[in-house]
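Below: the structure, in structure tokens.
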Amino acid sequence: MQPVTGFSKLSKSQKIDWLVSHHLDDSTTARETLVQYWNEDEKLQDLHDGFSENTVTNYLFPFGLAPNFLIDGELVTIPMAIEESSVVAAACKAAKFWLDRGGFKTQIKGTLKSGQVHLMYYGLGSEMDAFYAFAKAELLESLEQINASMKKRGGGIQELSLIDKTKSLEGYYQLHATFETRDAMGANFINTTLEQLATTLRKKASEFQGFSSDVPEVIMSILSNYVPDCVVNVSVSCKIEEIGTINGVTGAAFARKFVRAVDIATVEPYRAVTHNKGIMNGIDAVVIATGNDFRAVEAGVHAFASRDGQYRSLTRARIENDNFVFEADFPLALGTVGGLTSLHPLSKLAIQILGNPSAEHLMKVTAVAGLAQNFAALHSLVTTGIQAGHMKMHLVNMLEQIGATDEEKKVLRQEYTDKTPSFSSLRESLNLLRK
Ligand code: MEV
């Protein structure tokens with residue numbers, strides 16, 4: 001096969017022609033599958049095509065709802081976009097459990113984000129200090145226009161400092177800037193600001209007389225997705241006696257095992273990764289539903305989970321004076337205005353379902369979805385095990401895949417109430433049913 005040139009310039013149907021002839025054996029079914037997912041509304045389809053490059057069709061995620069979340073005394077219905085079958089059911093289960101036990105409590109610990117202009121200078125550190133003192137006022141002044149509208153909304157650049165990183169890498173310095181971006185995730189605002197800082201820095205460097213070596217070289221300017229100062233705390237707690245018996249396990253034994261399960265994920269990275277993955281099932285689902293950047297959130301969360309040098313559980317659990325307490329701090333840089341949030345009709349709807357929240361409120365709701373998901377996973381893990389619930393949900397997909405009719409699905413679901421299904425056992429049951 002030859003490399004393709006000018007692919008992005010081809011029309012959508014030309015791209016599909018190329019794809020089908022080069023990769024899909026000229027299959028008409030493949031073409032039909034792609035076309036099947038186009039939206040009939042051409043304007044809507046154009047909007048979706050425009051979200052990305054070289055778009056040939058839409059890749060749909062289920063958009064589900066988890067109602068009955070009591071968050072700081074208010075009932076919230078959480079929209080979740082996720083393909084994993086048990087996640088929304090798990091969220092609903094956790095919501096129901098905590099609804100009668102005081103609900104979820106949240107608190108914003110900070111909303112600051114940061115970005116850096118990364119630069120190299122191989123002369124004396126004292127020369128860089130003198131240069132920064134010389135340039136700082138103009139660096140900040142040069143941001144006035146860019147910052148104006150963010151400032152009006154109570155945000156903008158908060159602090160600027162020069163950091164000497166030469167102990168980690170020879171010649172490495174950064175301009176480290178912190179930002180408040182209010183209801184916007186703020187990536188564009190931060191990156192524009194940083195690039196302006198870099199431009200002003202280059203200009204001031206050409207005017208400064210005190211360098212004994214080549215002037216500082218800007219390597220790059222970019223926001224950081226590590227947001228340890230943009231954090232929300234979320235917690236649940238209840239008296240141990242209020243827990244009741246769970247899947248045949250007493251409340252006291254449940255609480256003890258639950259705390260131990262979290263302790264294990266705190267000290268053991270093999271477990272911590274899976275434990276935190278379960279948390280991200282909930283967080284990502286809300287982040288995606290609301291049109292936020294889940295890769296940014298993922299990267300930031302996992303860096304936060306290893307901030308002391310070892311990857312650990314994001315959640316904490318303890319028994320305190322006969323109370324079961326379960327909580328977490330999550331670093332979440334989210335927006336409720338701008339970006340995909342304001343463009344994708346379903347993200348707009350998700351934001352509306354949440355009552356047009358501020359970014360802080362969305363941080364709280366998202367954190368609740370994360371804690372709830374971890375609660376539901378551990379709830380199963382320390383009692384029945386995860387497979388019972390998972391397989392029940394998975395059964396629906398398996399029945400679909402083996403081509404069972406609605407009537408057959410009903411009978412087979414009944415048959416497998418207490419049995420673990422496999423594809424071969426299901427096929428056998430289906431064959432028997434059809435005889
Ligand atoms: C599966 O998507 C998530 C779990 O593995 C999380 C966990 O083990 O805590 C169930």
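Overview of results
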| item | result |
| --- | --- |
| Fewest-first ranking of LEU354, LEU47, using other Cβ atoms within 10 Å as the exposure measure | LEU47, LEU354 |
| Residue-span extension gain [ARG413 to SER21] - 0.36 nm each, minus C-alpha spacing | 137.0 nm |
| Assigned charges on the beta-carbon of Lys, Arg, Asp, Glu; the range 102-236 dipole about Cα centre (debye) | 640 |
| Distant-in-sequence amide H partners of ALA66 (H built 1.01 Å from N, under 5 Å) | ILE78, MET80 |
| Hydrodynamic radius (Kirkwood) for the range 390-434, which is based on Cα pairs only, to one decimal in Å | 10.1 |
| Residues GLU40 and ASN233, FRET efficiency given R0 of 56 Å [Cβ-Cβ distance, rounded to 0.05] | 0.80 |
| Positive dipole terminus of the chain, leading residue within VAL232, THR290, TYR37 (C-beta point charges) | VAL232 |
| Using a Förster distance of 56 Å, the FRET efficiency for ILE222-LEU433 (Cβ separation, nearest 0.05) | 0.45 |
| Relative exposure of PHE304, PHE294, judged by other C-beta atoms within 10 Å (fewest first) | PHE294, PHE304 |
| Likely footprinting exposure, THR29, THR383, fewest C-beta neighbours within 10 Å first | THR29, THR383 |
| Unsatisfied cross-links (Cα-Cα over 19 Å) in the set LYS113/LYS203; LYS152/LYS364; LYS105/LYS239 | LYS113/LYS203; LYS152/LYS364 |
| Extension gain, SER306 back to ARG318 (0.36 nm per residue minus Cα-Cα distance, nm) | 2.2 nm |
| Computed label-point distance, nm, for sites GLU400 and ALA30 using a 7 Å Cα→Cβ extension | 2.4 |
| Burial order of peptide ranges 139-150, 74-85, 418-429 (average beta-carbon count within 10 Å, highest first) | 74-85, 139-150, 418-429 |
| Karplus-derived 3J(HN,Hα), 6.51/-1.76/1.60, for each residue of the range 355-361, Hz, glycine and proline x | x, 6, x, 6, 4, 4, 5 |
| Kirkwood Rh (inverse of mean 1/r, distinct Cα pairs), the chain, angstrom | 25.2 |
| Signed unit charges on C-beta, dipole axis of the chain, positive-most listed residue ALA376, GLY244, HIS22 | GLY244 |
| Calculated from backbone phi, Karplus (6.51, -1.76, 1.60) coupling profile of the range 411-419 in Hz, x at Gly/Pro | 5, 6, 4, 4, 4, 9, 3, 10, 10 |
| Check: the range 182-330 dipole with +1 on Lys, Arg Cβ and -1 on Asp, Glu Cβ, in debye | 240 |
| Given charges at beta-carbon only (K, R positive; D, E negative), |dipole| of the chain in Debye | 980 |
| With Cα atoms, 0 to 90° folded angle of helix 251-267 axis to the chain main axis | 40 |
| In Hz, Karplus ³J(HN,Hα) per residue of the range 391-407 (6.51, -1.76, 1.60; θ = phi - 60°; x = Gly, Pro) | 5, 4, 6, 5, 3, 4, 5, 5, 5, 4, 5, 8, x, 6, 7, 4, 5 |
| Additional length obtainable on full extension of the chain from ALA299 to LYS9, 0.36 nm per residue less Cα span | 101.1 nm |
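Computed from the coordinates by the stated procedures, all read-outs in this text should not be read as laboratory data. Note that the structure is predicted; figures quoted are calculated from it, not measured. Note: ideal-geometry Cβ built from the backbone for every residue, glycine included; neighbour counts use all protein chains shown.
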